[in-house]
Each structure stands twice: as structure tokens, then as C-alpha cells.
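Novice: So that we are looking at the same thing, I have put the structure below in C-alpha cells.
Derivation of every value follows stated rules applied to the coordinates shown; laboratory data play no part. Nothing here was measured: the structure is a model prediction, and the numbers come from that model. Quick reminder, even Gly has a Cβ in these numbers, built from the backbone with ideal geometry, and neighbours come from all protein chains shown.
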Amino acid sequence: MKISGWSLIRLYTIFVYITMFAPIVVVIMLSFNPEEFGSFPMKGVSLRWFFRLAQNQPIITAFKTSLILGLITSVISTAIGIPAAMAFVRYDFPGKNTLNTLLLTPIMIPEVILGVALLIFLRWLQQPKSLLLLVIGHVVITLPYVLLVVQARLVGIQRVYEEAAMSLGANAFQTFKEITLPLLAPAIMAGMLFAFTISFDDVTATLFWATARTQTVPVKVLGMLRHHISPEINALGTVMVILTISTPLLAGYLSRRFARGLESAKR
């Protein structure tokens, strides 16, 4: 029996997907296991570990820290990314390409390098670890993604809409508020949600910036795994998987919803 090259590619693709997602499926299944030690077949289904997780104060504190950090990071990254994208797409000035490349560089640099570099820089400034350090670091990591999403949307917006508004007497701020900003709304929403997701899930760079009082959920989970494996970690993993998957899906849904609303308004 002769196997074609495409069949081998399909088999290899299926193997890769199984290797990637099988551990996640196992963690989700074990989070509903009533027994303390995971085993198959499971002896029933229980929410026991989710209730235990809700009563774990260190985890709840870390979860709140991750949420606060993600919200602050997404807001700041979006607030910086919008005017930066406007400047890079709509205007010409000396050093534009260089500055744009510098802002996008963190995507290409390993997070370990970013974590160590920022930590050394703040130590040189004699600044202690704090939530502010986490915010600065996460903004550096997430800003390029917001910038790319907003730039891609802005390139597709024709200048004729803005020029028409200005020809009718609107100033630059009014044109941005009434014309450009609504057209950018899908990209802004998507960029903000992506920034939140990246900030919430980051562990590599956050390890260098977190303190005992400002630990995020991924860092807390990593610390728990060093001592013992608790079934509560499986429950927490399920919660994080749901949150991580639902956020980008929500971003895509809202982007399409905004785009359809804008198309309907034009008609």
C-alpha cells in the first residue's frame, strides 16, 4: 500500500495536534475527578476542587493581581498604541521607520532577555520590585501586538472619510472622534483583549519582576508545582484555559460585530 506525501503530512499534523492538546484535555478531565490522586477511569464527576480553589486565599489574591495587572496593561498599551499607530500610518517624520521598529522589537526578543534587561535597568535606577515594574514590563511586551492590530486596521481606512469631514468644517480632533475612532473600534477592542490575554498568561518574564506580594496566577502555579501537585491546580488550569480561549474569541466576535455595524451604518 502506497502512502502519498499528503497523507503523511495529514498524519503528522494530527499527531502534532494530539501532542499539543492531549495534556490540556487530561488536566480539564482531572479537575472534575472526585479523588485526590488522578487515575483513569475516573470514579465519578465532582466540583470538589473548584470549591477548594475558591477557598484558597493565596490563589484568589494572585488571580486578582493578574486581573488588575491585565486590565491596567491593556488600557495603557491601547492608549499608547492608538496615537502611535496614527503617527506611523498617517504622518511622515524623521526616524519614523526606526521608531516603529523599536516599538515592535519586543516581539522578536526572548522574554527571558526582556525580563533580565528590565530588572537590571531598574536595579541600576535603585528601584525595588513592585506592581509598577510589572505594569511597565507587561506594557513593553503587549504594546507591539496592539500597535500591529491598530496599524493593520488603520491602513485599510481610506483617507477620503477624514478629508470629507474636514472639508465640512471639522477640526483634527473632531475628525478623529467622529470618523477615525469609530472605524478603529474593532481593532482597538481586539488589541485590548489580546493585550489582556498576553499579560494574564505571561510567566517567563513575570518571574523576574514578581514579588511575594505581587505574584500572578501563572507564577503562583509554578511555585505550587515546585512543592507538590495539588488537584486544585487542575481546577485552576481549567479556569485559565477557559479564560484564555474565551478572551480571543470574544475579541474576534466583537470585531466582527463592530465591522458589521459600521457597514450597516454606511449603507
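Novice: For the chain, with only Lys/Arg (+1) and Asp/Glu (-1) charged at the beta-carbon, what is the dipole magnitude about the Cα centre, in debye rounded to 20?
Specialist: Working: 21 positive and 11 negative charges, 55 e Å.
With Lys and Arg at +1 and Asp and Glu at -1, about 260 debye.
Novice: Also: Report which label in (i) 35; (ii) 45; (iii) 56 holds the value of percent of Cα pairs over 26 Å apart derived from the coordinates of this structure.
Specialist: Computed from the coordinates, percent of Cα pairs over 26 Å apart corresponds to (iii).
Novice: Any idea what angle helix 111-124 forms with the longest principal axis of the chain, computed on alpha-carbon atoms, 0 to 90 degrees, nearest 10?
Specialist: The two axes meet at around 80 degrees.
Novice: Counting other beta carbons within 10 Å of each Cβ, put K129, K96, K43 in order, fewest first.
Specialist: Numbers: K129 17, K96 13, K43 10.
Fewest-to-most ranking of K129, K96, K43: K43, K96, K129.
Novice: Taking chymotrypsin sites (Phe, Trp or Tyr not before Pro) that fall in a DSSP loop and have at most 11 other Cβ atoms within 10 Å as cut points, what is the longest piece of the chain between them? Please report the intermediate quantities before stating the final value.
Specialist: Numbers: sites that count: F37, Y91.
Of all site-free stretches, the longest is 92-267.
Novice: Here's another thing I want to ask about it. How charged is the neighbourhood of G137? Take every other residue with its Cβ under 11 Å from the Cβ of G137, and add Lys/Arg as +1 and Asp/Glu as -1. Numbers along the way, then the final one.
Specialist: Details: positive: K129; negative: E111, D202.
Result for the neighbourhood of G137: -1.
Novice: Would you list which aspartates and glutamates come within 20 Å of K129, measuring only between C-alpha atoms, while excluding same-chain residues fewer than 8 positions from it?
Specialist: Reachable aspartates and glutamates: E111, D201, D202.
Novice: So for the pair M166, S7, with labels modelled 7 Å out along Cα→Cβ, what separation do we get in nm?
Specialist: Inter-label distance under the simple model: 6.2 nm.
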